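Structure first, commentary second.
The values are calculated or read from the model by the stated rules, or taken from the named source; none is laboratory data. Given the structure is predicted, the values throughout are model-derived calculations rather than measurements. Every residue, glycine among them, receives a Cβ derived from its backbone with ideal geometry; neighbour counts consider all protein chains shown. Protein only, heavy atoms only, side chains kept; ligands, DNA and RNA dropped before computing areas. Shrake-Rupley method; radii C 1.70, N 1.55, O 1.52, S 1.80 Å.
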Amino acid sequence: MTERSTRRLASLKSFALDAGLGSHVGGGLVAGRGETVELVDPCDGETWTIYPDAGEAVVDQAMQAASGALTTWQALTASARGRLVWQVGQKVRERLDDLAQLETLTTGKPIRDTRAEVLKVAEMFEYYAGWCDKLHGQVIPVPTSHLNYTRREPLGVVVQITPWNAPIFTAGWQIAPAIAAGNAVVIKPSELTPASTLALARLAEEAGLPKGLVNVLAGLGQTTGEAAVTHAETRLVVFVGSPRTGALIAAAAARNTVPTILELGGKSANIVFADADLDRAALGAQAAIWSGAGQSCVAGSRLVVDRRVQEQLLDRLATAAGRLVVGAPEDEATAIGPILCERQWRTVDGMVEAARQAGARVRAGGGRPAHLAERGCYFAPTLIDEVRPDMAIARDEVFGPVLTVLPFDDEEEAIAIANGTRFGLAGAVWTQDVGRAHRVAAAVRAGTFWVNGYKTISVMSPFGGFGASGHGRSSGEEALLAYTQTKSVWIETAAEPPAGFGYGGD
Ligand code: NAD
């Protein structure tokens, strides 16, 4: 047994997950009944566990558990619910290091990243805890003798489907607003990374949430995921993942008139003008694309750079690409871990190779780092220039550490390049001209935009996509409202009944 597998086993054990992975339903572990899912460590290729796909019967059990827990949850006062949601945040803080270790050992994400992500999960529960007793409607001055007011009511059981790149972060991101708004949750993390979401659901119950309020399905998309999306109890589907799967899920949900929120992929533009502080812009560009090995929905994968400073900026980036520490995720010094699975590694490699064939130049990286050539899904930080905007590498999401360079001559061209894809998730501009910063921020079609920075997000601020990057918002007040439906209540206050059929006012 390798040191890594010994540590992984201990970590799983500390969350009582050593008996094998299954689904967390109604407060207990339920074994799946479907085909076998194999989990392979991206650092060394070792198969570290297998578990059966949950399947339809387990989905049904989870939906019933969630429906049952709704009654208990909604019977509490809003303040009592808020106190419990706050406690979940405290539990996450208490076990921060353990959760970060678990995430690192089961996904291959560097420990310095997982620690920051788990801390954000605590903040998510704390933020939404405060909202529980502030989620109220309005009194509307209607032109009749009525008192009219609105109520923000929960939807019921919501289904959440999440991807593999930031499992515990995405789970907290969606579970916290859903339960704060009074809903129950059935969440299906990626079949490749269920462990940290299972651990989070357990901690949430230890913190005092009713059993069954948060259920986790361990299983595959086309079986377990689809059964949850199309289940009769489902009132909302929130999907975080690829545009292709998002479209399939939205269509399946629509057949039952169930709404969806879609958080999809991106091909975000990081625009650097000649007047920018180039040292800071270079650091920002590295973080934008190479952190998380590029497996980030908001990755700044297109560097849109003023031709006058292109060479200066690329020199800095090529040097940095050679210096960044790529390696074992549990090492504190590691900046870039492996790609999560061999299949994704091959996708990234194939896209870089296709760009090369199409005439682009790989200026740094472009395959396995030399010192890690023997095993593991490592991919060197990669910089590609001499790219034409019509090449696949300039248009399609790579979801790997690959930065594509597109030069421009003026502001108009920079904006046209930034808006030249079907995506619209995020973007940034680097400039010292304040007027230009605001003009570009307004003109780029993206749900999140940074000026002289990249990747900062907070649960307090709305997050989501334009265009093919999805619709609806996660985080902030908007996410909370998205997990509710509005009821309008009319109360007749007239002393005498209205004449004729005048109840409607008009
Ligand atoms: P994916 O679309 O392959 O899978 C996402 C989830 O959907 C998984 O849990 C999977 O099991 C499930 N799924 C697959 N087919 C399904 C079906 N037919 N019915 C129900 N569920 C199904 O995505 P991925 O490869 O896991 O993640 C990478 C993608 O996620 C990238 O495109 C990335 O940009 C995107 N992403 C977006 C955000 C965001 O907030 N916008 C955040 C992280 C990742």
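Taking only protein heavy atoms and a 1.4 Å probe, the accessible area of segment 70-211 is 53% carbon and sulfur. Extending 7 Å from Cα along the Cβ direction at Asp410 and again at Ala358 yields two label points whose distance is 2.8 nm.
Compute the angle between helix 243-254 and the longest alpha-carbon principal axis of the chain, please, reported from 0 to 90 degrees and rounded to the nearest 10. So the helix axis and the longest Cα principal axis differ by about 10 degrees.
Under the combined filter of DSSP loop state and at most 13 neighbouring Cβ atoms within 10 Å, segment 173-263 retains these trypsin sites (Lys or Arg not before Pro): Arg255.
Just the protein heavy atoms count here, and of the accessible area of segment 339-455 at 1.4 Å, carbon and sulfur take up 48 percent. Compute the FRET efficiency between Ser145 and Ala251 as 1/(1 + (r/R0)^6), taking r as their Cβ-Cβ distance and R0 = 35 Å, and round to the nearest 0.05. Efficiency, rounded to the nearest 0.05: 0.15. Legend: residues Glu477, Glu413, sorted from most to least accessible area (1.4 Å probe; ligands, DNA and RNA excluded), read Glu477, Glu413.
Of the GluC sites (Glu not before Pro) found in segment 1-73, the ones in coil according to DSSP and having at most 14 other Cβ atoms within 10 Å of their Cβ are Glu35. A crude spin-label estimate for the pair Thr47 and Ala495, with each label 7 Å from Cα along the Cβ direction, gives 8.3 nm. In the chain, helical runs assigned H by DSSP with n ≥ 4 each contribute -39500 (n - 2.57); averaged across all residues and rounded to the nearest 500, the mean residue ellipticity at 222 nm is -12000 deg cm²/dmol.
The convex hull around the C-alpha trace of the chain, projected and averaged over every direction, spans 26.3 square nanometres. Percent of accessible area on segment 246-328 owned by carbon and sulfur, 1.4 Å probe? Carbon and sulfur: 55 percent of the exposed surface of segment 246-328.
May I ask you to derive the FRET efficiency for Ser67 and Met1 from their Cβ-Cβ distance with R0 = 60 Å, giving the value to the nearest 0.05? Computed FRET efficiency for Ser67 and Met1: 0.90. Heavy-atom accessible area per residue, segment 48-102, 1.4 Å probe: how many Å²? The answer is 45 Å² per residue. Heavy atoms of the protein chains alone define the surface here; on that basis segment 368-421 has 42 Å² accessible area per residue at 1.4 Å probe size.
With R₀ set to 30 Å, the beta-carbon distance separating His136 from Lys13 gives a calculated FRET efficiency near 0.10. Rounded if a/c is under 1.5, else prolate if a/b is larger than b/c, else oblate: which is segment 7-136, with a ≥ b ≥ c the root eigenvalues of its Cα gyration tensor? Since a/c reaches 1.5 but b/c is at least a/b, the shape of segment 7-136 is classed as oblate. When Trp48, Trp173 are compared by accessible area at a 1.4 angstrom probe, the order from most to least is Trp48, Trp173. Report, in listed order, any pair from Lys91/Lys487; Lys13/Lys211; Lys109/Lys188 with a Cα-Cα distance greater than 28 Å. Lys91/Lys487, as the Cα separations exceed 28 Å there.
What does the C-alpha gyration tensor say about the overall shape of segment 225-264? Classify as rounded when a/c is under 1.5, otherwise prolate if a/b is larger than b/c, or oblate. Verdict is prolate for segment 225-264.
Ligands, DNA and RNA are left out, and with a 1.4 angstrom probe the accessible area of segment 106-168 is 39 Å² per residue.
Inter-part distance, segment 244-281 to segment 365-389, computed on C-alpha centroids, equals 24 Å. 3J(HN,Hα) along segment 108-122: x, 7, x, 4, 5, 6, 5, 4, 5, 5, 5, 4, 5, 5, 4 Hz, from the Karplus curve 6.51 cos²θ - 1.76 cosθ + 1.60 with θ = phi - 60°, whole Hz, x for Gly and Pro.
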